[in-house]
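**Q** Sharing a structure, written as structure tokens. Questions coming.
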Amino acid sequence: MNVSPDLDARFRAAALAEGLVDVRYDLVDSPVGELFVASTARGLCRISYTVGGQEEELARRFGIRVLRVPLDEVRRELDEYFEGERRSFELSLDLRVTAFNEAVLGELARVPYGHLDTYGSLAARVGRPGAARAVGSVMNRNPIPIVLPCHRIVGADGSLTGYAGGLAVKRALLELEGALLAT
């Protein structure tokens, strides 16, 4: 069955207006590849460098009513970031994580644009100075990279360490922010 674009748009708008959607998602083109972005009524809940299979994860975590609709505000802020016009994000966030993860992600959000920090430093700031590896695990599972800037976290010796989007993406984001010289 073919549905006209107009009918499809009206269906999606009606579902949103009636509160029939638990989580909305869209795909956003960026200089570091296509991004999967998702938002609940509370706020942005996911940015992923992996596009496939995300709908099922959203349904498990946030509710089964998942619908693809444009996320204009998310797209706008990400576009501004990649164009070098935005240094911080104003999006509401929906973090459904453990207390430790929330504390770490809260400190991560305070790492300024264009600056680097270390896993150990974040661990110390959340009152767990010996928990650099645990902080690394939180960075690895960061549900909202870029907005929660785990790309700004480096090893104690300043080396670039793992990143969900890959080290090339981490380097590209840091170069965009002027934290690293372009290679």
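The values are calculated or read from the model by the stated rules, or taken from the named source; none is laboratory data. Because the structure is a prediction, the values reported are computed rather than measured. So basically every Cβ, Gly included, is an ideal-geometry build from the backbone, and we count neighbours across all protein chains shown. Surface accessibility is based on the protein's heavy atoms, side chains included, excluding ligands, DNA and RNA. Shrake-Rupley method; radii C 1.70, N 1.55, O 1.52, S 1.80 Å.
**Q** I'm checking my understanding of the structure. Among residues of the stretch 18-30 that are under 15 Å from the mean Cα position of the chain (by Cα) and not aliphatic (A, V, I, L, M), which one is most open to solvent (accessible area, probe 1.4 Å)?
**A** It comes out as 29.
**Q** Being assigned to a helix (DSSP H, G or I) and modelled with pLDDT of 90 or more narrows it down to one residue among 60, 42; which is it?
**A** Checking each option against the conditions leaves just 60.
**Q** Let me ask something else. Any idea which of 68, 75, 46, 86 is open to solvent by 60 Å² or more (accessible area, probe 1.4 Å), among the charged types (D, E, K, R) and within 29 Å of residue 153 (Cα to Cα)?
**A** Exactly one of 68, 75, 46, 86 is open to solvent by 60 Å² or more (accessible area, probe 1.4 Å), among the charged types (D, E, K, R) and within 29 Å of residue 153 (Cα to Cα), namely 75.
**Q** Now, a different point. Test of understanding: among 126, 104, which residue is closer than 21 Å to residue 43 by Cα and buried (at least 16 other Cβ atoms within 10 Å of the Cβ)?
**A** Only one candidate qualifies: 104.
**Q** Out of the residues in the stretch 42-66 that are in contact with a strand residue (DSSP E or B) (Cβ under 9 Å, 6 or more places away or on another chain) and small (Gly, Ala, Ser), state the one that is nearest to residue 142 (Cα to Cα).
**A** Checked the stretch 42-66; the qualifying residue nearest to residue 142 (Cα to Cα) is 48.
**Q** Report, by residue number, each residue of the stretch 107-123 that is small (Gly, Ala, Ser) and open to solvent by less than 50 Å² (accessible area, probe 1.4 Å).
**A** Passing the criteria: 114, 120, 121, 123.
**Q** Within the group 13, 59, 38, which residue is of a type in the set (Gly, Ala, Ser) and surrounded by fewer than 13 Cβ atoms within 10 Å (Cβ to Cβ)?
**A** Residue meeting the stated conditions: 13.
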